Structure formats: C-alpha cells, structure tokens
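Q: The structure's right below; bear with me while I get my questions together.
The values are calculated or read from the model by the stated rules, or taken from the named source; none is laboratory data. Nothing here was measured: the structure is a model prediction, and the numbers come from that model. Because the Cβ atoms are built from the backbone with ideal geometry, glycine has one as well, and the counts that use them run over all protein chains shown. Keep in mind that these areas ignore ligands, DNA and RNA; they rest on the heavy atoms of the full protein, side chains included. Shrake-Rupley method; radii C 1.70, N 1.55, O 1.52, S 1.80 Å.
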Amino acid sequence: MDPFNIVVVRAGKQLGLNIHPKNQSEYMVLFEGSLVGEVFLNEQGKVLGAVSASELLKGDYPDYPCDVSLDCEGLISENIMVDQIGREISRALGLLR
C-alpha cells in the first residue's frame with residue numbers, strides 16, 4: 001500500500017500528516033518529515049493503540065528525526081489526537097463513510 005496524506009485539526013490549526021502503511025493494521029505517522037509514531041487499527045478502522053516516536057526509536061526501527069519544536073511527540077500522546085488520526089486513516093482507506 002502506498003503512503004497517503006491526511007489532515008487533522010489541533011488547537012485550531014490544520015496539520016497535514018503523511019501516513020506510511022506497514023501492513024493492514026499498522027501505520028507510521030509523519031509530520032513535516034518527522035516521525036510522530038505509529039497507529040494501530042483493527043479491520044473495521046477502530047484505533048487499537050498508538051506508540052510514540054521516542055518509543056519506536058528505542059528499538060530496531062528506521063531512524064527518522066523527531067523535532068521537538070514541531071511537537072511531534074505530542075500528537076501521539078494525546079488520546080483525542082490518536083482517535084482523530086485513526087478516524088482520518090480509516091476514512092482515507094474507505095473503512096468509514
């Protein structure tokens with residue numbers, strides 16, 4: 001599956017995120033080239049969980065930058081943002097109408 005873009009709203013601002021599918025349930029989330037984290041969805045498009053960039057980069061993972069000035073960590077640490085990201089991924093994949 002090819003990468004695609006979604007738009008979410010945080011603090012009244014629209015943010016364009018780049019989504020890189022790893023498989024049918026795991027999606028890498030990047031913001032302005034910085035790794036934000038990974039979001040996990042079930043087959044119906046419901047969010048199962050998320051992992052922040054700092055957690056991902058501790059293990060054997062591609063070395064993406066995480067620029068704290070862009071607050072890339074905060075996007076995945078807020079449940080409301082994880083839900084919004086998951087909803088937009090699901091919508092882009094045609095799982096939600």
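Q: Under 17 Å from a point 7 Å along the Cα-to-Cβ line of Asn79: which residues of segment 1-42 have their amide N that close?
A: 40
Q: While we're on this one: Using the heavy atoms of the protein chains and a 1.4 angstrom probe, tell me the accessible area per residue for segment 1-55 in square angstrom.
A: Using a 1.4 Å probe on heavy atoms only, each residue of segment 1-55 averages 54 Å².
Q: Could I ask something else about it? Once the other residues with Cβ under 10 Å from the Cβ of Glu38 are scored (Lys, Arg +1; Asp, Glu -1), what is the net sum?
A: So the surrounding residues net to -1.
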